[in-house]
Each structure stands twice: as C-alpha cells, then as structure tokens.
1. Could you count how many residues in region 352-371 are under 22 Å from Leu415 (Cα atoms), more than 13 Å from the ligand (Cβ to nearest atom) and not in a loop (DSSP other than H, G, I, E, B)?
2. Using the structure shown, decide if Ala105 is assigned to a loop (DSSP other than H, G, I, E, B), open to solvent by less than 10 Å² (accessible area, probe 1.4 Å) and more than 18 Å from Leu224 (Cβ to Cβ).
3. Could you tell me whether any residue of region 73-93 is within 19 Å of Asn190 (Cα to Cα), in contact (Cβ under 8 Å) with a residue 12 or more places away in the chain and not basic (Lys, Arg)?
4. What residue, among those in region 325-348 that are part of a loop (DSSP other than H, G, I, E, B) and more than 10 Å from the ligand (Cβ to nearest atom), is surrounded by the fewest Cβ atoms within 10 Å (Cβ to Cβ)?
5. Which condition breaks for Gly89 when tested against (1) touching an Asp or Glu at 6+ places or on another chain (Cβ under 7 Å); (2) open to solvent by less than 10 Å² (accessible area, probe 1.4 Å)?
6. Within region 274-324, how many residues are within 12 Å of the ligand (Cβ to nearest atom), over 16 Å from Arg353 (Cβ atoms) and not in a loop (DSSP other than H, G, I, E, B)?
7. Across region 208-221, what is the total count of residues that are away from the ligand (no atom under 16 Å from the Cβ) and either crowded, with 24+ Cβ neighbours inside 10 Å or in a helix (DSSP H, G or I) (or both)?
8. Return the residues of region 423-440 that are of a type outside the set (A, V, I, L, M, F, W, C), at pLDDT 90 or above and over 17 Å from Leu387 (Cβ atoms); say none if nothing qualifies.
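The values are calculated or read from the model by the stated rules, or taken from the named source; none is laboratory data. Everything quoted here is computed from the prediction, not taken from an experiment. Virtual Cβ from ideal backbone geometry, glycine too; neighbours counted across all protein chains shown. What goes into the accessible areas is simple: the full protein's heavy atoms, side chains included, and nothing from ligands, DNA or RNA. Shrake-Rupley method; radii C 1.70, N 1.55, O 1.52, S 1.80 Å.
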Amino acid sequence: MLRGLNMDRQLLISSLIDYAGRNHSSTEIVATDSSGLVHRTNWAEIRSRSMRLSSALLQQGIRPGDRVATIAWNDHRHLELYYSITGIGSVLHTINPRLREQQIAWILNHAEDQIVFIDPDFLPLAEAVATEALSVRQWVVLAEELPATSLENAVAYEDLIAGSNPLQEWPLLDEWSAATLCYTSGTTGNPKGVMQSHRSIVLQTWATCTGDGHDVNSSQSILLAVPMFHVNGWAIPFAAAMAGSKLVLPGPDLSPEALVQHINTENVTFSAGVPTIWLSVVQHLQDTDTDVPSLKRLAVGGSAAPRSLMDTLEDDYGVFVSHVWGMTEMTQGSAGRFTHRVQGLGREEQRRRQAMAGRELYGVELRLIDGDGQEVARDGATPGELLARGPWVAANYFNLEDDSTHLPAEDGPWLRTGDVATMDNEGYISIVDRAKDVIKSGGEWISSIELENAAVGAPGVVEAAAVGLPHDQWGERPLLLVVLESGRTLDRDEVLDAIRPHVASWWLPNDVVAVPEIPHTGTGKIDKKLLRDQFADFEWSQ
Ligand code: AMP
C-alpha cells in the first residue's frame, strides 16, 4: 500500500468544543434549568467550565474508559458534561429518567458507573436506587447548592466547578476510545448498551451538519426539543459546536407554550423532536392564533410523522419538515431533503416523498432483505427487513455476549434494525412498521403506522394507535384507538371515512375505540405491547 501523506490527527470530541470556543466564543447558549432559571452563556464559557469540570473528574480519580453517568434535562450543565466527560477519555453515559427504577439500577450496575450527575428533579430517583448502585462512589447534583438529601457522597455541581482549575489542554486520545454509552429501552429483555467512539461521534456529527443531513450551520438558532439523555440528543449538541450555532436548551418544560415562547424569543430557525411534541405545538398555535415566523425547518423522527402534520406546518406556518429515521444504534440514519429530481416534481409528489422516512444518507448504508435473507428490490413497494451498516453503526453491544441483532456477511456484518420498510431507487425509505407491530391479516401485512398517520388527519383526532388483535377468520385484524380533542365524542364512521382514501379497503380497522390516552414507552414511542395486552380480551363488533 502506498500510504497517503496526511497528518495523523485523531477525530476527537474535544476538537468540537475547541473549535466553537475559538471561533464562536460569544455565540449564545440559552438554557432553562429545572428551577426555571434562564442561563445565558456562550461557547467560550461552556468550553472553559467543561475544562474545569474535567480536572475535577481527574481529581476524583476518573480515568480513561471509566463510565460517568448523567440523569439530566437539556440544559447548559448537561452540555458541559457532554464535553468534560468525553474530553478526558471517560465515557458519557446518558440515562433516560423515564425508565423504571429497577431498569435504572440495572443499567447503573451493568455500566459500572463511577460518578452520577443528577438534576435536582431526580433526587428521589437517585435516593431510591443508591443502595443498589454498587459501583457509584459519588453523586453530583446539578445545582448551585446541595439540596437536602439522604444520598451519601453527594456534592453540588457548582461547588465542584468552583473548586478546580481548568485543564490546560485536552489529552490526545485515540479516536477509537469509547466516548458515549446509551442503553436502548427494549420492551422485552434487558436494555442493551450502545457505545460510540470519538471517531463515530465526529463522523456522525459531520453527517448531521451536511445540507442533506440536518443542515446545521452557524447562521442557525437551534431549539433542542429532543432529550439529551436519548441518542445524544440526535448528535445536535455536538453538531451545534461543530457549526458554531446558537443553542436553546429548554430544560424539563417541553409544553407547547414553553417551546413556542423559546422559538419566538430566541429567533429559533431550526428544531428537532418527536412527532407528538410537534402535534401539540401545532394544536397550540391554532388554539392561540400564534405564529412562529423565525422557524424555517424541523427535523421530525423517532416515530412516524403524520403527513397532516407536515402539511399544516408548511402550509400554515412556512416550516419545512425533514422527516428522519434513526436508532440509538446509529443516531441519524436518513434525512428528508429533496433531491433535484424531486424538486422538479409537482407539490403532491414532493409531499409523498416527504411523508416517507427520509433518504439514505452517506455513511449509513441501508439494505432490505426478505424472510430468506435475499435482497429485496428497491422498487418503493416491496417490503423487507431493514439492515444498516456504516462507520457509526453499532457493531456490538456493551458487555453483551449473545448478540442476535447482527447478520454476518462476507464483507462485514449488518445491523438488523427490526424495522420493516420499503426503499426506492433514490434511497427514500418508508417504514412500514416495527417487525413485531406489523398487523398480519390473512397472510398479508397491514402497516399500523400508515393507519395511525391517516387517522390523525380525521377531525378531532389528536393521537391514534393501531394494533393487531387475534381474529378468527383473518388471524389478526386492526383495532384503532384514538384520543379525541376534549369535548368531542367518537364518530366511528367519520374516522374511517378519513382513513379510507389513504389505504387499501381491506386495511380499514374493524373497530375504533376512543381512549383517554395512549401509553408511551420511556423513549416516547407508542407502547404497542402494553396496548395489545390491555385489549387482549377485546371482542370485535363485526
Ligand atoms: P430508538 O433507538 O429508541 O431511537 O428507536 C429506534 C426506532 O424508532 C427505529 O428502529 C424505528 O422503529 C423507530 N423510528 C425512528 N424514526 C422513525 C420514523 N421516522 N418513522 C417510523 N419509525 C421510526
């Protein structure tokens, strides 16, 4: 091999914060903490406080490879932890506080976390799991002063920072060093730890910043409405530093009132989040006759975004929705920018593409296979199991021997995503369903996602969930559950009429039931397993 003559510079997360601190020093980070206080800081301060915290971690005996956990909201302190923990080679383990206590204790032990940084809101949670968390030697409460607590070895974050000198420079790590750890919240079995390297984070951050990614750039003011405890906030806390964007961190209050206020006071141009958040924001904008003039683009994903949401946002508020698909195992796996061919098509055709789950993005290779493991045509119609591979796709799970989620291949393994999808010849994917949620009626598949998306276009339907329940004749048939606007009663035929134009006639749900709420998992997805259990004894009316 004739080796290329380039410099041997490692891809490190510390280079991101160094870049932002140097070139975008006064660009604002506006954060609301859990006490409601608004902190206005900037990239230079985030960098210098991160460096102080890094030396505090070193003083506490944290070494490269040690896991340090956070149970925190989106605020400036959590952002500092993103950089201080990774900067010295220790591993940022973000924990989802919505998981059950038992799961959190299991995760802390499995990861062998040494120090846990917690928001004051989660003190009761920390107190409940502390005796079981055997590896944890210190709890750091993200506050000015230490609140009253039964936790042993607890300190206040600001005391820790005040008592330490900043690190002079970041250590030069190997880019393959572990940087972040995030557990997937499987509905069955124990959670699985996805561990990303510095190299992987820097590469996926670059992809996130590209025009076909999230188009994160220095002219943007970004509202981070995806939690930093889930999939590293879709890499946006890193991308904002790489680009030098303004970042607005909303803290715990993700109510539509709070989000709209942030958008309008901070001139937010771009935001990202799961569909349920934006459905409630749109409802609020309509109810209060409010506009969001600065907001130009949204990345929506995590679960399927209904077409009606995209249409309303664009037609009534001028906000373009980029529909993205991804997983903890790779962060962003697709994005929704139109190719020039789609630009040339009519509006209806463009919107049809937009309702798909984005396009294959360079860096995450996608492929569909059938039940026999044969590759499925990219014809936009034939469904298959979606596989993924690439330099930032997880190759294994942390300390897990039995890994049945990878498919070996001669030229390297593929990740089995567990999603059933179609793909066209430009790489646009459409998620039909999670493999375990697809409704199997008479040997054919019905997409619960498509039924739900059509149902939320019906008058008065706020949220919808379709599940397959046993049926004598067909094996399974769809039951549709809907949450209605307050004061509305269910008109079954009106809902079915709204769905009818969008799906094959035999897909129409056999029954529609109004429910006060639809249960969600810790990561905000509809908990279909719970719904199937809840409606296990349901009797079909026809
Ligand atoms: P998580 O690892 O918790 O982020 O969950 C990843 C899963 O979320 C994927 O495997 C999909 O099932 C689902 N998902 C993510 N984005 C989308 C999307 N745009 N449309 C449908 N499902 C999605």
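1. Looking only at that region, the number is 5.
2. Numbers: assigned to a loop (DSSP other than H, G, I, E, B): no; open to solvent by less than 10 Å² (accessible area, probe 1.4 Å): yes; more than 18 Å from Leu224 (Cβ to Cβ): yes.
Here the answer is no, as Ala105 does not meet what is asked.
3. Filtering region 73-93 for residues within 19 Å of Asn190 (Cα to Cα) gives 93.
Next, only the ones that are in contact (Cβ under 8 Å) with a residue 12 or more places away in the chain stay: 93.
Cutting the leftovers down to not basic (Lys, Arg) gives us 93.
The answer is yes; a qualifying residue exists.
4. Of all residues in region 325-348, those part of a loop (DSSP other than H, G, I, E, B) come to 325, 328-330, 333, 336-339, 344-346.
Now drop any that are not more than 10 Å from the ligand (Cβ to nearest atom), which leaves 337-339, 344-346.
Working: Arg337: 19, Phe338: 18, Thr339: 14, Gly344: 10, Leu345: 14, Gly346: 8.
Applying the filter and picking the extreme gives Gly346.
5. All conditions pass for Gly89, except number (1).
6. Within region 274-324, residues that are within 12 Å of the ligand (Cβ to nearest atom), over 16 Å from Arg353 (Cβ atoms) and not in a loop (DSSP other than H, G, I, E, B) number 1.
7. Residues flagged as away from the ligand (no atom under 16 Å from the Cβ) and either crowded, with 24+ Cβ neighbours inside 10 Å or in a helix (DSSP H, G or I) (or both) within region 208-221 amount to 2.
8. Passing the criteria: Asn425, Glu426, Asp437.
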